[in-house]
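Scroll down for the structure; my scribbles are underneath it.
Each reported figure results from applying straightforward, stated rules to the coordinates on display, with no laboratory input. The structure presented is a predicted model; accordingly, all values stated were derived computationally and were not measured.
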Amino acid sequence: MQLQSKNLIIKFWQIVQKHSVLICVIISVLFLVIATLLYPGGSILDKNAVGFDWSKNFFSNLFSAKALNGAANPSRIWALTGMVFHSIGYGLFFIHTSRKIPHKYTRLVLKSIGVVNMLFTFLIATPLHDIMVTVSSTLTMLGLFYITVFILKTKLHWLKFFCIGSLLIFYATLYLYGAGHWELLAVMQKVSFICFVFLVLTIEYFTSDADFQDYKPNRLP
């Protein structure tokens, strides 16, 4: 019985490790959706608005002790918990992807981004929000750029278009953030979030070490 229990625990842990990114993404999305349902109201465009409007509110509105309408914010704990799993999940994604790429320097870069950005991404939910958005976004875009470069060297042609299109969406969203186009940014934030979720899960589950074996080290600039 003890041996069977031990084997079950080992198998369970192996499954958790294998699907750790997916598990974190699901939990993160679930908690963030619950947080949006509990948000009292108020946005930068309308302080008296009721509830969370996906086209006008930002996820950052969920992290404050008080909602923008001045009411206590019961969504905060749910949003913060969601950000914990969000940070861990995407950190693990970069670490997992680094193991597939046969280039020592790139593996080191992606692993470093995965580990460091777990902290920086979570700090977006704190008063350090503005600077952490810049730091975390820069590291994330750097990691995705590296991954895209290597995917462009594979035979996964459909994924090449997905990666390039996703990067364009992310860059456009960051431009809107820097330019202060808040109304359009509120929408693009959700578009980028959904796009990032699908891109991460696609690379996690639909690429393997074998896809990157055609890579030639002497071709790297």
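See the values below:
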{"quantity": "Most fluctuating residue given options Asn117, Asn48, Asn57, as computed from a GNM of the chain linking Cα atoms under 10 Å", "calculated": "Asn48"}
{"quantity": "Contact order normalised by residue count of the chain, Cα under 8 Å, 6+ apart, percent", "calculated": "19"}
{"quantity": "Centre separation in Å (Cα based) which lies between the range 10-34 and the range 127-193", "calculated": "23"}
{"quantity": "Cα shape, the chain, gyration tensor, a/c 1.5 rule", "calculated": "oblate"}
{"quantity": "Qualifying aspartates and glutamates (Cα of each under 15 Å from Cα of Lys153; at least 8 residues distant if same chain)", "calculated": "Asp209, Asp211, Asp214"}
{"quantity": "Under 20 Å from Lys6, Cα to Cα: lysines that are on another chain or at least 8 residues apart", "calculated": "Lys18"}
{"quantity": "For the range 136-204: relative contact order, % (alpha-carbon pairs under 8 angstrom, 6 or more apart)", "calculated": "28"}
